[in-house]
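These notes are about the structure you will find just below.
The values are calculated or read from the model by the stated rules, or taken from the named source; none is laboratory data. Because the structure is predicted, anything quoted here is derived from the model rather than measured. Here Cβ is always computed from backbone atoms with ideal geometry, including for glycine, and neighbour counts include all displayed protein chains. For accessibility, only protein heavy atoms count, side chains too; no ligands or nucleic acids. Shrake-Rupley method; radii C 1.70, N 1.55, O 1.52, S 1.80 Å.
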Amino acid sequence: MQTVTVSASIQYDVIIGSGARKLLAEKIKARFGTPRVCVVSDDRVAALHLAALKDDLRQAEVDCVSYVFPHGEQSKTPETLFDLLAFLAQARLSRKDVLVALGGGVTGDLGGLASALYMRGMHLVQMPTSLLAMVDSSVGGKTAVDLPEGKNLAGVFRQPDLVLCDTDYLATLSEEDFRDGMAEVIKYGVIGDEALFDRVKNGVPRAQMTDVITRCVEMKRDVVNEDEFDTGRRALLNFGHTLGHAIEAGSAFSLSHGKAVAVGMVRIAALAEQTGFCFVPCREEIAAALLQNGLPTDCAFSNAALYEAVTADKKCAGGSITLVLPRRIGVCETKTMPVEELKELLQ
Ligand SMILES: NC(=O)c1ccc[n+]([C@@H]2O[C@H](COP(=O)([O-])OP(=O)(O)OC[C@H]3O[C@@H](n4cnc5c(N)ncnc54)[C@H](O)[C@@H]3O)[C@@H](O)[C@H]2O)c1
């Protein structure tokens with residue numbers, strides 16, 4: 001088991017490894033006394049893992065209720081959020097109680113936001129079960145739901161009190177969802193760790209992911225410690241995401257987050273090469289690593305269609321846009337430009 005400590009506005013541990021879930025009751029009692037717990041989960045994860053977690057809690061005499069919603073991005077809405085808040089109220093939870101978000105990034109974002117809003121804030125434990133949530137969304141405190149106008153438009157920064165990342169959960173993750181997570185892992189390699197990129201570029205067996213996840217969480221910790229509220233360096237984590245979000249939304253979410261980010265990384269690396277921003281060309285290397293990990297490197301959207309979608313995204317503020325561009329594998333930098341310049345480049 002490995003522990004990474006995040007020191008943002010609050011300090012918390014991310015405990016990573018096989019069997020980490022078994023620590024939940026003990027950690028909750030040590031930190032919060034004898035609170036009640038609400039486990040939030042989607043129906044897929046709940047069917048596989050909720051009963052065992054509730055058993056663990058009950059055996060430790062922790063009173064526990066659970067809220068289950070239909071899986072998928074379609075549930076990351078204000079409607080589900082308010083339904084969950086109503087559930088917390090009907091179950092008479094207080095702000096001394098703990099919301100446990102057991103699931104992927106959708107559950108973590110939705111549960112995290114609910115924990116921040118309910119009675120102005122209750123305790124939060126993130127228990128990521130998808131690879132994407134383990135390496136990215138469970139750490140760093142970004143929570144949100146989507147609006148019809150765009151993704152993640154309604155949210156707050158809300159750091160968790162604890163993250164328990166049990167790598168055993170990866171065993172039940174579908175191949176598709178595992179690949180989506182690998183897109184984020186490859187992203188970490190490109191933005192800041194060439195050795196990590198080399199380690200994962202030909203794929204990694206999911207039973208050997210603990211060290212890879214730990215390295216990604218360390219990188220995320222470093223960025224969040226320095227720029228919790230995303231006013232500077234944290235933007236680096238958006239490598240591939242500015243175009244990726246546009247691709248994801250443009251496909252009406254039929255293309256998953258990871259696949260959209262994969263295509264976004266290749267397109268933005270091409271742009272970096274085309275403008276001479278790259279010290280060493282890296283588009284082909286990134287594309288090869290994505291293919292080796294079963295991810296797409298292109299999609300049906302033209303660059304013109306992407307421009308329209310990107311400028312509708314919230315990251316495009318005040319007529320300028322910040323892009324994350326690679327200099328080479330392991331080094332990325334942000335560049336802010338007028339949206340008109342992006343239009344010309346994409347054309
Ligand atoms: N908050 C952040 O910093 C941040 C960062 C990146 C992404 N996100 C968000 O995360 C979301 C994507 O995350 P995701 O890909 O985890 O989506 P997800 O939560 O929808 O999970 C993907 C699928 O995997 C299933 N699943 C999860 N764990 C499983 C397991 N152990 N076994 C079997 N099935 C399992 C889920 O039921 C779901 O069907 C997006 O909404 C994105 O905006 C947030």
### Query
How do the peptides 230-236, 42-48 rank, highest first, by the average count of neighbouring beta carbon atoms within 10 Å per residue?
42-48, 230-236
### Query
Hey, what angle do you get for helix 257-274 against the long axis of the chain, alpha-carbon based, 0 to 90 degrees rounded to 10?
30 degrees
### Query
How do E308, E194, E61 rank by accessible surface area computed with a 1.4 Å probe, from largest to smallest?
E61, E308, E194
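Roughly to the nearest percent, how much of the accessible area of the chain is carbon and sulfur, given a 1.4 Å probe? Mind showing how you got there, number by number?
Details: 7000 of 14040 Å².
About 50 percent, which is the carbon plus sulfur part of the accessible surface.
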### Backbone N under 17 Å from the R199 label point (7 Å along Cα→Cβ), restricted to the stretch 100-133
131-132
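Within 10 Å, Cβ to Cβ, of R233, how many net charges do the neighbouring residues add up to if Lys/Arg are +1 and Asp/Glu are -1?
Details: positive: R234; negative: D222, E226, D227, D230.
Local net charge: -3.
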### Query
Which residue, chosen from I191, S18, G105, occupies the Cα position most advanced towards the positive end of the dipole of the chain, where the dipole is computed from +1 (Lys, Arg) and -1 (Asp, Glu) charges on Cβ about the Cα centre?
S18
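Quick one: ranking F253, F82, F178, F32 by accessible area, 1.4 Å probe, largest first, what do you get?
Working: F253 75, F82 130, F178 15, F32 45 Å².
Order by accessible area, largest first: F82, F253, F32, F178.
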### Query
Measuring with a 1.4 Å probe in the full set of protein chains, what accessible area per residue, in whole Å², belongs to the chain?
40 Å²
### Length gained when the stretch E79-S18 is fully extended (0.36 nm per residue, less Cα-Cα span)
18.5 nm
#### Entry: Amide H contacts of D227 (H built 1.01 Å from N, under 5 Å, at least 5 apart or other chain)
none
### Task
State whether the stretch 2-172 is rounded, prolate or oblate according to the following rule on the C-alpha gyration tensor (a ≥ b ≥ c being the square roots of its eigenvalues): a/c under 1.5 gives rounded; otherwise a/b larger than b/c gives prolate, and the remaining case gives oblate.
rounded
### Task
Enter the angle in degrees (range 0 to 90, nearest 10) between the Cα long axis of helix 78-90 and the first principal axis of the Cα atoms of the chain, meaning the one along which they spread out most.
10 degrees
### Query
Straight-line reach from K220: which lysines have Cα under 18 Å away, leaving out those fewer than 8 places along the same chain?
K142, K187
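Quick check for me: using +1 on Lys/Arg Cβ and -1 on Asp/Glu Cβ, what's the dipole size of the stretch 175-346 about its Cα centre, in debye to the nearest 20?
Working: 19 positive and 26 negative charges, 20 e Å.
Result for the stretch 175-346 is approximately 100 debye, rounded to the nearest 20.
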### Message
Suppose only helical runs count, i.e. DSSP H with n ≥ 4. What mean residue ellipticity at 222 nm does that imply for the chain under -39500 (n - 2.57) per run, divided by all residues and rounded to the nearest 500 deg cm²/dmol?
### Response
-12500 deg cm²/dmol
### F69 long-range amide H proximity, modeled H, under 5 Å
S41, D42, D43
## Note on the structure
Note, the stretch 17-27: 3J(HN,Hα) by Karplus (6.51, -1.76, 1.60, θ = phi - 60°), whole Hz, Gly/Pro = x, goes x, 5, x, 4, 4, 5, 7, 4, 4, 4, 5
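Where the only charges are on Cβ atoms (+1 Lys, Arg; -1 Asp, Glu), what is the dipole of the chain about its Cα centre, to the nearest 20 debye?
On the way: 36 positive and 45 negative charges, 150 e Å.
The calculated dipole for the chain is roughly 720 debye.
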#### Entry: Charge sum, other residues only, whose C-beta stays under 9 Å from V106's C-beta, Lys/Arg counted +1 and Asp/Glu -1
-2
### Message
To test your reading of the geometry: what angle, between 0 and 90 degrees and rounded to tens, separates the Cα axis of helix 303-312 from the longest principal axis of the chain?
### Response
50 degrees
### Query
Probe 1.4 Å, all protein chains in place: accessible area of K29 in Å², nearest 10?
80 Å²
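Taking all protein chains together and a probe of 1.4 Å, list F229, F69 from the most accessible to the least accessible. Show your work: numbers first, answer last.
Values: F229 115, F69 5 Å².
I get F229, F69, largest accessible area first.
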### Query
Leaving out ligands, DNA and RNA but keeping every protein chain, what accessible area does L323 have, in Å² rounded to the nearest 10, with a 1.4 Å probe?
0 Å²
